[in-house]
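Colleague: Here's a structure for you.
The values are calculated or read from the model by the stated rules, or taken from the named source; none is laboratory data. All values derive from a computational prediction rather than experimental measurement. Backbone-built Cβ (ideal geometry, glycine too); neighbour counts: all protein chains shown.
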Amino acid sequence: MFTDFRIALAIPVALTLAACGEPQPQLSFEESLQQQLIEAEPGDVIDIPAGTHELTRSLSLNVPGVTIRGAGMDSSILSFRNQLQGAEGLLVSADDFTIEDLAIEDTVGDALKINDSDNVTVRRVRTEWTGGPLTTNGAYGIYPVQSSNILIDGSVAIGASDAGIYVGQSTRIIVRNSRAEYNVAGIEIENSTFADVYDNVATNNTGGILVFDLPNLPVQGGRNTRVFNNSIVDNNTANFAPEGNIVATVPAGSGLMVLANDNIEVFGNEFAGNNSANMMVVSYHITGLPIDDENYDPFPESIHVHDNSFSGGGAEPDSEPLALLREATGQAVPDIVWDGTILPGKTAPDVICMRGNGDADFVNLDAPGGFAAPSFEIGPHDCAGEELPEVSISTGP
């Protein structure tokens, strides 16, 4: 009996020791990262170590007050080139969110989408589709939407089939010190209010910077955007947006395009070598698309363009009206193009005021008259427009 008792006692002890000594299964980087995002608490910092980390499904974060931090946009890389699940790379719906010093590459859909969030900081983040400008690339690189108090600083966006840096239906926005290249739209502010876009480089896109207001969206009335001290150069990449997308209508060679937006101040920018036109101000009617939103205002107003430099541009327009103008005049398309569409009862200065732009030239395309009588008279637009206040935001850590 004594021997049997010792054997019986030894068996569970041995099993316990064996269990304690068994190695526990290691989580993959992908599993560990998603677990950290799910279990995060306000104030947490989630570190992304240096290296290229292969991911196969979307990541998501819904906890406020979290920071995701890498070792640098060229060092910590989240690669989705073998993505099997999900529409985004990282989807965030959380206030007081910061992401910095990392890259998100080759997502099936949008790279970094931030939705319905307040106090958002995107600092030194790169989004890129590494195969070049392809229609099969995801639509948006850095993509805050329906959010507020947004800072995008020192970031890079490459290869988006819609917009590299896009802020939509949002308010109180700063996009600065960033570079957008080889996207359809480099930087786009859409249906948003109170945005400062400055000290950026937009080059080799289809359109460098777009300030749009579109119908049939929950938030309308885009206004009060300042675009200043940017380099908007050589945006001549062929349009590779999927058919039916609104940015598919943007001519290759567009520097800055303001569409149906109000109270826009454009100053201190360098415009050069944009082959359709360095700057365009147009109504939504120019798209030829129907408007079935009774609350939508398709006309741009109060566009103040001053103290910019213009050179080159307009040499090879990718637009039928602009190409016909180029052919008829034998000259490059003027630096600043207005389609001539105007709200009844308004006058030319209500749409555009221009001063201090060196020897920049101008054309009113006469779109309402079927482009029959374009005018190159800049005099009616020689007026002092409104100087908008600096945008002030409050962001998290």
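Colleague: Taking the options Ile77, Ile46, name whichever one is surrounded by fewer than 18 Cβ atoms within 10 Å (Cβ to Cβ), in a strand (DSSP E or B) and modelled with pLDDT of 95 or more.
Modeller: Numbers: Ile77 fails: surrounded by fewer than 18 Cβ atoms within 10 Å (Cβ to Cβ).
Exactly one of Ile77, Ile46 is surrounded by fewer than 18 Cβ atoms within 10 Å (Cβ to Cβ), in a strand (DSSP E or B) and modelled with pLDDT of 95 or more, namely Ile46.
Colleague: Could you tell me how many of the residues in the range 18-43 are surrounded by fewer than 10 Cβ atoms within 10 Å (Cβ to Cβ) and at pLDDT below 95?
Modeller: Result for the range 18-43: 9.
Colleague: Quick one: would you say Thr193 is of a type in the set (S, T, N, Q) and within 17 Å of Thr225 (Cβ to Cβ)? Walk me through how you get there before you give the answer.
Modeller: On the way: of a type in the set (S, T, N, Q): yes; within 17 Å of Thr225 (Cβ to Cβ): yes.
It is true that Thr193 is of a type in the set (S, T, N, Q) and within 17 Å of Thr225 (Cβ to Cβ).
Colleague: Name the single residue, out of those in the range 311-347 being touching a Phe, Trp or Tyr at 6+ places or on another chain (Cβ under 6 Å) and more than 17 Å from Ala373 (Cβ to Cβ), that is surrounded by the fewest Cβ atoms within 10 Å (Cβ to Cβ). Can you show your working first?
Modeller: To start, the set of residues in the range 311-347 that are touching a Phe, Trp or Tyr at 6+ places or on another chain (Cβ under 6 Å) comprises 321, 334-336, 343.
If we keep only those that are more than 17 Å from Ala373 (Cβ to Cβ) too, we end up with 335-336, 343.
On the way: Asp335: 28, Ile336: 29, Leu343: 14.
This residue is Leu343.
Colleague: Look at Val305 and say whether it is in contact with a Leu (Cβ under 8 Å, 6 or more places away or on another chain), in a strand (DSSP E or B) and more than 25 Å from Leu217 (Cβ to Cβ).
Modeller: Working: in contact with a Leu (Cβ under 8 Å, 6 or more places away or on another chain): no; in a strand (DSSP E or B): yes; more than 25 Å from Leu217 (Cβ to Cβ): yes.
No.
Colleague: Could you list, in sequence order, the residues of the range 264-294 that are over 22 Å from the mean Cα position of the chain (by Cα) and part of a loop (DSSP other than H, G, I, E, B)?
Modeller: If we filter the range 264-294 for residues that are over 22 Å from the mean Cα position of the chain (by Cα), which is where we start, we get 285-286, 288-294.
Scanning the range 264-294 gives Gly288, Leu289, Pro290, Ile291, Asp292, Asp293, Glu294.
Colleague: Also, I was wondering about something else. Pick out the one residue from Asp297, Asp350 that is of a type outside the set (Lys, Arg), part of a helix (DSSP H, G or I) and surrounded by 13 or more Cβ atoms within 10 Å (Cβ to Cβ). If you could, list the steps in order and put the result at the bottom.
Modeller: Values: Asp297 fails: part of a helix (DSSP H, G or I).
That would be Asp350, the only listed residue that is of a type outside the set (Lys, Arg), part of a helix (DSSP H, G or I) and surrounded by 13 or more Cβ atoms within 10 Å (Cβ to Cβ).
Colleague: Find the residue count for the range 54-74, including only residues that are surrounded by fewer than 18 Cβ atoms within 10 Å (Cβ to Cβ) and within 14 Å of Leu37 (Cβ to Cβ). First the steps, then the outcome.
Modeller: Step one: list which residues in the range 54-74 are surrounded by fewer than 18 Cβ atoms within 10 Å (Cβ to Cβ), which gives 54, 56-57, 60, 62, 65, 69, 71-72, 74.
Now restrict to residues that are within 14 Å of Leu37 (Cβ to Cβ): 57, 60, 62, 65, 69.
Residues flagged as surrounded by fewer than 18 Cβ atoms within 10 Å (Cβ to Cβ) and within 14 Å of Leu37 (Cβ to Cβ) within the range 54-74 amount to 5.
Colleague: Considering only residues that are surrounded by fewer than 23 Cβ atoms within 10 Å (Cβ to Cβ) and at positive phi, which ones fall in the range 231-256?
Modeller: Of everything in the range 231-256, those that are surrounded by fewer than 23 Cβ atoms within 10 Å (Cβ to Cβ) and at positive phi turn out to be Asp234, Gly244.
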